[in-house]
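Only one structure is covered here, and it is reproduced in the block below.
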Amino acid sequence: MDSPDDAPLIPALSPSRAADFLQCPLLFRFRVIDRLPERPSAAALRGTLVHSVLERLFELPAETRTRRTALSLVEPQWERLRSSRAEAAAELFPTEQEVADWLSEARTLLERYFEMEQPQRLEPRERELRLDVTLQSGLRLRGYLDRLDVAPTGQIRIVDYKTGKSPRPRFEGKARFQIFFYAVMLWRELGEVPARLQLMYLGDGGVRWYDPTEEELRAAESEILGIWRDIEDTARSGSWHPRPGKLCGWCDHQALCPEFGGTPPPLPRAAPAL
């Protein structure tokens, strides 16, 4: 085991990294501390593309936010994304036909979005809003909100786009945790409890929403702090144990995981800059 004195302490926490730790502490270590490379994902890249199109759509005048306009944005947004991630794009799509098929799937998600709401009638306050909030405990939280809506009456709604299908009720805990994480950050930043938290699943048109109370946000904040304490304790001990589960089959780091006969690399001495 590495010396606890050499264990890096993590300076900030995001919803995705907190979810990684809950799923598997060793996965958290590989991603946050070791920063090991992972294979590019066509689904993740498609999510980035769809999010960028929706962000751009709301920059346009309300009357132009049509299905046709959104679909016309796919190609230019893809070219911009491909130029910034050329290596990943080349690995994922060896032929132009594979690119075309993938773009067709993205267009299907965008068309479904227009079945779920009418963007011409919305004026989001923020899109891709970066939050960086330090709690009273000293824990620093970071994250990006897909969309922040504010009603004329002042009520706040957080909207999070999901490009997959809506989960069954017993499997929706991860997405619920993530959007409550955002709600805690916004609550502590603005001092106001959001009226609604909305998850939009473009994969099948499903919508989940929560109307949180301050008590629920306090409970969520306590849960986040508990996760943070567990992360700090683990970092000090240097014992990042794997937590086997169904998602192991999707992990890029099996060769380094003790559950699969691997050995993790020595812990780096310097704390990562998140």
Item checked: Mean-position separation - Cα centroids, segment 169-242 and segment 12-55, in angstrom -> 16
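Mind ranking 59-72, 196-209 by how tightly packed they are, going by the mean number of other C-beta atoms within 10 angstrom, highest first? Don't skip to the end; give the middle numbers.
Working: 59-72: 12.9, 196-209: 17.6.
With the highest mean Cβ count within 10 Å placed first, the list reads 196-209, 59-72.
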Next item on the list: For the chain, find the longest principal axis of its Cα atoms and tell me its angle to the long axis of helix 67-84, 0 to 90°, nearest 10.
Entry: 40
Next item on the list: Would you mind telling me which residue in T213, T95, T234 has the biggest mean-square fluctuation in a Gaussian network model of the chain, where springs connect alpha carbons within a distance under 10 angstrom?
Entry: T95
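Filter the GluC sites (Glu not before Pro) in segment 181-253 to those in DSSP coil with at most 10 other Cβ atoms within 10 Å of their Cβ, and list the result. Present the calculation step by step, with values, prior to reporting the outcome.
Values: sites: E189, E192, E214, E215, E216, E221, E223, E232; in loops: E192.
Of the GluC sites (Glu not before Pro), not one in the loops of segment 181-253 has a Cβ with at most 10 other Cβ atoms within 10 Å.
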Check: Toward the positive end of the charge dipole of segment 1-104, about the Cα centre and with charges on Cβ (Lys, Arg +1; Asp, Glu -1), which of S14, L71, T48 goes farthest?
Finding: L71
Check: Near the amide H of G143, under 5 Å away, which other amide H atoms are found, from residues 5 or more places off or on another chain, if H is placed in the peptide plane?
Finding: L131
Next item on the list: Heavy atoms only, probe 1.4 Å: what % of the accessible area of the chain goes to carbon and sulfur, would you let me know?
Entry: 49
Next item on the list: Would you calculate the separation in nanometres between label points at E117 and E75, each defined as 7 Å from the Cα along the Cα-to-beta-carbon direction?
Entry: 2.9
Check: How large is ³J(HN,Hα), in whole Hz, for each residue of segment 210-220 in order, when computed from phi with the Karplus curve 6.51 cos²θ - 1.76 cosθ + 1.60 and θ = phi - 60°, using x for Gly and Pro?
Finding: 9, 10, x, 9, 4, 4, 5, 5, 5, 5, 5
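So how strong a dipole does the chain carry about its Cα centre when Lys and Arg Cβ are +1 and Asp and Glu Cβ are -1, to the nearest 20 debye? Before the final figure, lay out the partial values.
Values: 38 positive and 42 negative charges, 52 e Å.
Around 260 debye, computed over the chain.
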Next item on the list: State in Å² the accessible area per residue of the chain; use a 1.4 Å probe, count heavy atoms of protein chains only, and round to the nearest integer.
Entry: 53
Next item on the list: Would you calculate the separation in nanometres between label points at R68 and T108, each defined as 7 Å from the Cα along the Cα-to-beta-carbon direction?
Entry: 2.4
Next item on the list: Convert each backbone phi in segment 152-162 into a coupling constant with the Karplus relation 6.51 cos²θ - 1.76 cosθ + 1.60 (shift: θ = phi - 60°), then list the ³J(HN,Hα) values in order as whole Hz, x for Gly and Pro.
Entry: x, 7, x, 5, 9, 10, 9, 10, 10, 7, 10
Check: Tell me, in nm to one decimal, what length is gained between L247 and V207 on full extension, where the rule is 0.36 nm per residue of separation less the Cα-Cα distance?
Finding: 12.0 nm
Next item on the list: Match the structure shown to one of the listed values (i) 15.8; (ii) 12.6; (iii) 15.1 of mean projected area of the Cα convex hull in nm², computed from it, and give that label.
Entry: (i)
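The values are calculated or read from the model by the stated rules, or taken from the named source; none is laboratory data. Small disclaimer: the values here were computed from a predicted structure and weren't measured. Reconstructed Cβ throughout: ideal geometry from the backbone, glycine too, with neighbour counts over all protein chains shown. Surface accessibility is based on the protein's heavy atoms, side chains included, excluding ligands, DNA and RNA. Shrake-Rupley method; radii C 1.70, N 1.55, O 1.52, S 1.80 Å.
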